[in-house]
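Working notes, beginning with the structure itself.
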Amino acid sequence: MNVTAIDQLPVVVVGAGPAGLAAAAHLVDRGLDPLVLEAGTQAGAAVREWSHVRLFSAWGEVVDPVAEKLLAPTGWVKPDADTYPTGGDWAAAYLQPLADALGDRIRLDARVTGISRTGRDRVVDADREQQPFTVHIRYGDGREERVLARAVIDASGTWSTPSPAGGDGLPALGERAAADRISYRVPDLKDPAVRARYAGRCTAVIGSGASAFTALASLAALAKSQGGADTRATWILRRAISGNTFGGGSADQLPARGALGLAAKAAVDEGHADAVTGFRTDAIERVGERLVLVAEDGRRLDPVDEVIVLTGFRPDLSFLDELRLGLDDRLQAPVELAPLIDPNQHSCGTVYPHGAKELAHPEAGVYLVGMKSYGRAPSFLALTGYEQVRSVVAAIAGDRESAERVELVLPETGVCGGAGLFDQPDDTPTDGGGCCATPTALQIGVGAPAASGGC
Ligand SMILES: Cc1cc2nc3c(=O)[nH]c(=O)nc-3n(C[C@H](O)[C@H](O)[C@H](O)COP(=O)(O)OP(=O)(O)OC[C@H]3O[C@@H](n4cnc5c(N)ncnc54)[C@H](O)[C@@H]3O)c2cc1C
C-alpha cells in the first residue's frame with residue numbers, strides 16, 4: 001500500500017479509558033481520524049469497576065485540556081476543579097460525555113485480540129514499514145473483524161491483569177483453588193453484599209500501595225461502624241515497616257494521596273489491623289472454612305476468612321505479540337521510559353517529562369500510552385497520560401517540534417528512597433536513590449513485625 005493510502009486510514013486507539021479518549025480528542029483536534037475500540041460495553045469500563053473509590057486527584061487534574069475543548073460546544077460544564085471525584089463521578093461526568101462527543105468514532109464491546117503489520121509476522125523485514133497495521137477485533141456477540149490502521153495507540157490499561165499474591169510474581173500454591181475467597185479489588189463496603197462478605201470477619205490484605213491503604217481504611221471504618229467488634233484485618237507486606245511505608249502524609253504534594261496513607265496508619269494504630277512484615281506469600285491453604293497464608297520462610301499466619309490481594313497490575317502484552325516492541329526487562333515499560341519511572345530510583349513520584357520519543361518502539365507507528373505505558377511501575381497519574389497522548393498524536397501528525405516539546409511537572413509523593421505509593425509489590429529497596437527528603441513524621445506503633453498475624 002502506498003504512503004498516501006496508508007495516511008487515509010484511521011489511527012486505531014485500543015481502549016476508551018481516560019488515556020484512550022484523550023488520545024481520540026487530540027486526534028480529532030489535529031484533523032486525524034480516530035477509531036477507538038473498547039472491550040467493555042461502556043466507555044471508561046475499567047474506571048467504572050472502581051466507581052466507589054475516591055480519586056486522590058482533584059477534578060482539575062483529571063480532565064484533558066484538548067478533550068475539554070471538544071466538549072465545550074456540547075454545553076458540558078466542568079466540575080469544580082478543587083473537588084475530588086470518585087471513579088463513578090469521573091466516568092459519569094467526564095468520560096461518558098467525552099465518549100458521546102466522539103460519537104461513532106468509538107466501538108463498544110469490541111475487544112482487540114491481535115495487532116500485526118498487514119501480511120507480515122514479526123519475523124519478516126521485507127517492506128514492513130510500507131504495510132499498514134491490521135487490528136483483529138472480536139465483538140461481544142462472537143463476530144470477528146479486521147481493520148487497517150495507519151498507526152496504533154494502545155491505551156488498554158492494566159486493570160484486567162492484577163498481580164497475584166505469590167511473592168515470586170506467580171500465583172501462590174493454592175491461590176487459584178481458593179479463588180472464591182480471594183478478591184483482587186478494593187471492596188465496595190457500601191454494597192450490602194460486599195459488606196456482608198467482610199463484616200465480622202478477618203481479612204488478609206496483601207500489598208502496600210494506595211489501594212491497600214484504601215482497603216485497610218475501609219475495613220477499619222466498617223469495624224468502627226459496628227462498634228469495633230469482629231471485623232479485623234491482617235496487613236501483609238513483603239518489606240519492613242519504615243518511615244515511608246505509609247506514603248508521604250502531609251509532605252505529599254497531592255494531599256488526598258497523602259491522606260490515604262494516614263488513614264491506613266490510623267487503622268493499624270487503632271488496632272483494627274495487625275501488620276505482618278517481611279512476608280513473601282508462598283501458599284494459601286484451605287483449612288476448614290478458612291484460609292492460612294504460608295510464607296516462603298515457612299511462617300504460617302493465623303487463619304483468615306477472606307484475602308484481598310492488592311499487589312499492583314501488569315500489562316497484557318499477548319495481543320501485541322506480532323509487533324516489534326522495545327520493552328524493559330524488569331518493568332515491561334518502553335525501554336526509554338523505564339529508567340525515568342523505575343521505583344528503585346524514582347520513589348518520590350517524580351517523573352521526568354516524556355513523550356513520543358521515550359514511548360517509541362522499533363516498530364514505528366505503535367505506542368503504548370496511559371497506565372499500560374508504565375508496565376509494572378507504580379504511581380501512574382492521568383496527567384502523565386494526557387501529556388503522553390498530546391506528544392504521541394503530534395508525532396503521528398508529523399509535528400515533530402510539538403512532539404518533542406514535552407512539559408510536565410508532576411506532584412511528588414513526598415516519599416523518597418523507597419517504593420512509590422501506587423499498588424505494587426512492596427520490596428523495592430528502601431534506600432535507593434532518594435530525590436527528596438525522607439519523611440520522619442510517620443512513625444507508627446508497629447515497629448516490630450507481628451509474630452503470627454493474629455485475627
Ligand atoms: C483504584 C484506582 C485509583 C486511581 N486513582 C487515581 C487518581 O486519583 N489520580 C490519578 O491521576 N490516577 C489514578 N489512578 C491511575 C490512573 O489514572 C487510572 O487507572 C486511569 O484509569 C488510567 O487510564 P487508562 O486509560 O490508561 O486505563 P484504563 O482506565 O484502565 O482504561 C483502559 C480501557 O481499555 C479497555 N481495554 C482493555 N483491554 C482491551 C482490549 N484488548 N481491547 C479493547 N479495549 C480494551 C478497558 O476496558 C478500559 O476501558 C487510579 C487507578 C486505580 C486503579
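The values are calculated or read from the model by the stated rules, or taken from the named source; none is laboratory data. Not measured: the values here are computed from a predicted model. Heads up, the Cβs are rebuilt from the backbone with ideal geometry, glycines too, and the neighbour counts pull from every protein chain shown.
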Inset, instruction - Filter the stretch 64-99 for residues that are surrounded by 13 or more Cβ atoms within 10 Å (Cβ to Cβ), hydrophobic (A, V, I, L, M, F, W, C) and within 20 Å of residue 52 (Cα to Cα) and give the result. - result: 90, 91, 92, 93, 95
Inset, instruction - Scan the stretch 171-196 and report the pairs whose first residue is within 16 Å of the ligand (Cβ to nearest atom) and whose second residue is among the aromatic types (Phe, Trp, Tyr), with Cβ atoms within less than 8 Å and a gap of 6+ or a chain change. - result: 185/50; 186/50; 187/198; 189/198
Inset, instruction - Residue by residue through the stretch 327-336, note down the ones that are in contact with a helix residue (DSSP H, G or I) (Cβ under 8 Å, 6 or more places away or on another chain) and either modelled with pLDDT under 90 or under 14 Å from residue 378 (Cβ atoms) (or both). - result: 330, 331, 333
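For (1) at pLDDT below 95; (2) farther than 30 Å from residue 224 by Cα; (3) surrounded by fewer than 17 Cβ atoms within 10 Å (Cβ to Cβ), each residue gets a yes or a no:
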position	(1), (2), (3)
107	no, yes, yes
129	yes, yes, yes
145	no, yes, yes
185	no, no, no
Inset, instruction - Name the one entry in 253, 226 that is over 25 Å from the mean Cα position of the chain (by Cα) and at pLDDT below 90. - result: 226
Inset, instruction - For the stretch 322-336, indicate whether the set of residues that are buried (at least 17 other Cβ atoms within 10 Å of the Cβ) and of a type in the set (Val, Ile, Thr) is non-empty. - result: no
Legend entry - Qualifying position, being under 26 Å from residue 396 (Cα atoms) and not in a strand (DSSP E or B), among 20, 60: 20
Legend entry - residue 112 vs. criteria in a strand (DSSP E or B) and within 25 Å of residue 317 (Cβ to Cβ): yes
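Residue by residue, here is whether (1) closer than 30 Å to residue 213 by Cα; (2) among the β-branched types (Val, Ile, Thr); (3) within 21 Å of the chain's Cα centre (by Cα); (4) within 9 Å of the ligand (Cβ to nearest atom) holds:
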site	(1), (2), (3), (4)
52	yes, no, yes, no
57	yes, no, yes, yes
77	no, yes, no, no
100	no, no, no, no
Legend entry - Inter-residue pairs, beta-carbon under 7 Å, first within 25 Å of residue 78 (Cα to Cα) and in the stretch 94-113, second crowded, with 22+ Cβ neighbours inside 10 Å and at pLDDT below 95, 6+ apart: none
